[in-house]
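Contents: one structure, followed by commentary.
The values are calculated or read from the model by the stated rules, or taken from the named source; none is laboratory data. What you see is a predicted model, and the numbers here were worked out from it, not measured in a lab. Because the Cβ atoms are built from the backbone with ideal geometry, glycine has one as well, and the counts that use them run over all protein chains shown.
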Amino acid sequence: METVTVRPSLLVAVGLVGGFAVARYTGRRELGGLVFALAGARSAQRWFGTAGPGAAAAMTAVYAAAMGVSHPLAKKLGAWPSVLAVTAVTAVASELVERHGSHT
């Protein structure tokens, strides 16, 4: 059986966008939090494996901060635009870490 590798940038999108969607449309914030946490944990494993512990810790902090920043940003942009904006920034940061880490 072949193993499928999912890039952390995609997992970031699943965690942030998917977590928000699950929480919003089910009315169960804890389910959205579970999606966010699982995607974040898997992303951290990948960042650790490709770029090392420092990069994994930094990206995990960026991922968690994205969730926190999306809330006040939503007051200015709206909920979905806020989630999409922080997801884009976090996914780009993840790609940069992956590319740098895979070349060292």
The lone condition Val69 fails out of (1) surrounded by 13 or more Cβ atoms within 10 Å (Cβ to Cβ); (2) closer than 17 Å to Leu96 by Cα is (2)
Residue pairs qualifying under the 7 Å Cβ cut-off, at least six apart or on distinct chains, with the first in region 52-68 being farther than 15 Å from Ala39 by Cβ and the second being among the β-branched types (Val, Ile, Thr) and in a helix (DSSP H, G or I), are Ala55/Val97
Hey, any hits in region 38-51 for a residue that's basic (Lys, Arg) and touching a Pro at 6+ places or on another chain (Cβ under 6 Å)? yes
Ala64: passes all of (1) among the hydrophobic types (A, V, I, L, M, F, W, C); (2) surrounded by 15 or more Cβ atoms within 10 Å (Cβ to Cβ); (3) modelled with pLDDT of 95 or more but (2)
Return yes or no: is Val22 more than 12 Å from the chain's Cα centre (by Cα), exposed (fewer than 14 other Cβ atoms within 10 Å of the Cβ) and β-branched (Val, Ile, Thr)?
-> no
Of the listed residues (Trp47, Trp80), the one being buried (at least 19 other Cβ atoms within 10 Å of the Cβ) and either over 22 Å from Leu96 (Cα atoms) or in contact (Cβ under 8 Å) with a residue 40 or more places away in the chain (or both) is Trp47
